[in-house]
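Input: a single structure, listed below in structure tokens.
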Amino acid sequence: MYVILGIGNPGKKYEGTRHNIGFIALDYMGAHYGIKINKIKHKALIGEGNIAGEKVILVKPQTYVNLSGESLQEVCTFYKVPPENVIVIHDDVSLDCGKVRIRAKGSAGGHNGLKSIILNLNSDEFIRIKMGVGAAPEHYDLADWVLGKFSKEEITHMSAAVDAMVEDAVPMIIKNGVEAAMNSFNAKVY
């Protein structure tokens, strides 16, 4: 069993923002695999289904980005899922818009959602799918950047990246392991 968590903020105010690419990806994943993410449990919206023959729990925390780990810890405890079977999808400002980078473990890299997850799981050994949203322009506040909406051009790149991640990368992680997915996806830009 895998838990797949998309980092994002709840509420209409944050829909379509760079910081919510995890929620956007999970919504597409749910639609693609016929998984309804509509149960309210563990401080999150949850959906249960199957991807690549494996049971998955899709999780959209309703705690805001900075407290994402609280929800994830509850889900992992309830379903008895170890950190190495957790996949976290999140925005990354250090990657160009449309670039996907998969990692088996690592630091928070300044991302407050990842900091919360590492703290609450007491581990950094969970899979991350980093979705590049581009760096903030010079003299632009980082918070304003990540809470801003994608441009039309960025939407084109992000849509292609989300499609590849949902349709190819996640099933590859589940079937063949994170190393195979890293080798296949980390060099591509969509």
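The values are calculated or read from the model by the stated rules, or taken from the named source; none is laboratory data. Keep in mind that this is a model prediction, so the values were computed, not measured. Cβ: placed from backbone, ideal geometry, glycine included. Neighbour counts: every protein chain shown.
Counting only strands (runs of 3 or more DSSP E) wholly contained in region 5-102, the ones carrying 2 or more residues that are under 20 Å from E167 (Cβ atoms), in contact (Cβ under 8 Å) with a residue 12 or more places away in the chain and basic (K, R) occupy 54-61. Considering only residues that are in contact with a Lys or Arg (Cβ under 7 Å, 6 or more places away or on another chain) and of a type in the set (V, I, T), look in region 128-151 and name the one that is modelled with the lowest pLDDT. Once the filter is applied, the top-ranked residue is V146.
Of the residues making up region 103-117, those that are in contact with a Ser or Thr (Cβ under 9 Å, 6 or more places away or on another chain) and surrounded by 21 or more Cβ atoms within 10 Å (Cβ to Cβ) are G113, L114, S116, I117. Screening H139, H90, H111 for residues that are in contact with a His (Cβ under 7 Å, 6 or more places away or on another chain) and over 18 Å from L26 (Cα atoms) leaves exactly one candidate, H111.
Of all residues in region 10-25, exactly one satisfies the criterion of being of a type in the set (S, T, Y) and closer than 11 Å to Y64 by Cβ, namely Y14. Of all residues in region 181-190, those satisfying the criterion of being part of a helix (DSSP H, G or I) and either touching a strand residue (DSSP E or B) at 6+ places or on another chain (Cβ under 7 Å) or more than 20 Å from M29 (Cα to Cα) (or both) are A181, M182, N183, F185.
Checking each residue in region 1-42 for being closer than 18 Å to N112 by Cα, among the charged types (D, E, K, R) and surrounded by fewer than 18 Cβ atoms within 10 Å (Cβ to Cβ) picks out no residue at all.
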